[in-house]
1. Out of all the residues in the range 55-95, which are among the β-branched types (Val, Ile, Thr) and surrounded by 14 or more Cβ atoms within 10 Å (Cβ to Cβ)?
2. What is the one condition in (1) more than 17 Å from the chain's Cα centre (by Cα); (2) exposed (fewer than 10 other Cβ atoms within 10 Å of the Cβ); (3) not small (Gly, Ala, Ser) that Lys39 does not satisfy?
3. From the list Glu91, Glu49, exactly one residue is farther than 18 Å from Tyr21 by Cβ, under 14 Å from the mean Cα position of the chain (by Cα) and in contact (Cβ under 8 Å) with a residue 24 or more places away in the chain. Which is it?
Amino acid sequence: MLEPTTFHIEEILSIKNIFLYLLAINLFGFFLMWLDKRKAKKGSWRIPEKTLFIVTALGGGIGTIAGMYTFRHKTQKLNFVIGFPFITILEIIGIIWFLVAK
């Protein structure tokens, strides 16, 4: 008989898993910026701005910022030029605070 698997918070929040998550969400954010720029050039359906901000807030700030400047997309919109870095900086401060408070 198989025993049920239990997950401990330490296993879930291991450095390796966090790194893989951040890598994936940032690559996804970069890809979304590329895709939205491509769709903008073709005049087709666009990715909602809300979605781009959600990906940034979920830890994909570096990827979305890199995509914004690599593809020169949304660089004229103050909400993005200020919003993406602001969210990313808040997350970095939060991570540092969490690590120091531990």
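1. Within the range 55-95, Val55, Thr56, Ile62, Thr64, Ile65, Val81, Ile87, Thr88 meet the criteria.
2. Unmet for Lys39, out of (1) more than 17 Å from the chain's Cα centre (by Cα); (2) exposed (fewer than 10 other Cβ atoms within 10 Å of the Cβ); (3) not small (Gly, Ala, Ser): (2).
3. Glu49
Bear in mind these aren't lab numbers, they're just calculated from the coordinates by the rules spelled out. In this text, all values refer to a predicted model and were calculated from it rather than measured experimentally. For neighbour counting, all protein chains shown are included, and Cβ atoms are generated from backbone atoms with ideal geometry for every residue, glycine included.
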